[in-house]
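Down below is the structure, laid out as structure tokens.
The values are calculated or read from the model by the stated rules, or taken from the named source; none is laboratory data. Values in this document were obtained by computation on a predicted structure and should not be read as measured data. All Cβ positions, glycine included, derive from the backbone under ideal geometry; neighbour counts span all protein chains shown.
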Amino acid sequence: DTTDPEPRWLAVLLMCASSYMIVTGVVYNTLLRGIALPQGATVAWSNEVLHVVIPLLMLLDVLVAPRRRALRWSAVAVAAVFPIVWVVYTLVRANLVVSPGTGEHWWYPYPFLNP
């Protein structure tokens, strides 16, 4: 039946993807938008698509998509696993990598992570 909500696993997957992209858009536009990138590191339009257009589309999908399954609050814990693991990995790895731009003996992918 086309009126049935999606399976729970798909609802959790959609919730994770939507959460990650919406947070990515907020972080980029509040903390990273004014930071200059080295020439040739990216094409001009890619930051706008990845950090503005796609997060807005995901937010629109969250707000207006039909047939969304209601999830329990425990699904928040599932969504939190990847960002927590990524931050821990990034902070541990930072002291093991030489910065490609400056040659310093540490490298953080984003300035707000550099303590």
Across segment 43-98, which residue is nearest to the chain's Cα centre (by Cα) among those that are at pLDDT below 90 and polar (S, T, N, Q)? Asn47
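Please note which helices (runs of 4 or more DSSP H) are completely contained in segment 1-100 and include at least 1 residues that are touching a Gly at 6+ places or on another chain (Cβ under 6 Å) and surrounded by 10 or more Cβ atoms within 10 Å (Cβ to Cβ).
Working: elements: 8-27, 54-64, 74-94.
Hits in segment 1-100: 54-64.
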Residue hits (segment 72-98; touching a residue at least 24 places away in the same chain (Cβ under 8 Å) and over 12 Å from Pro109 (Cα atoms)) are Ala75, Val78, Ala79, Phe82, Pro83
How many of the residues in segment 16-26 are closer than 9 Å to His51 by Cα and of a type in the set (A, V, I, L, M)? 3
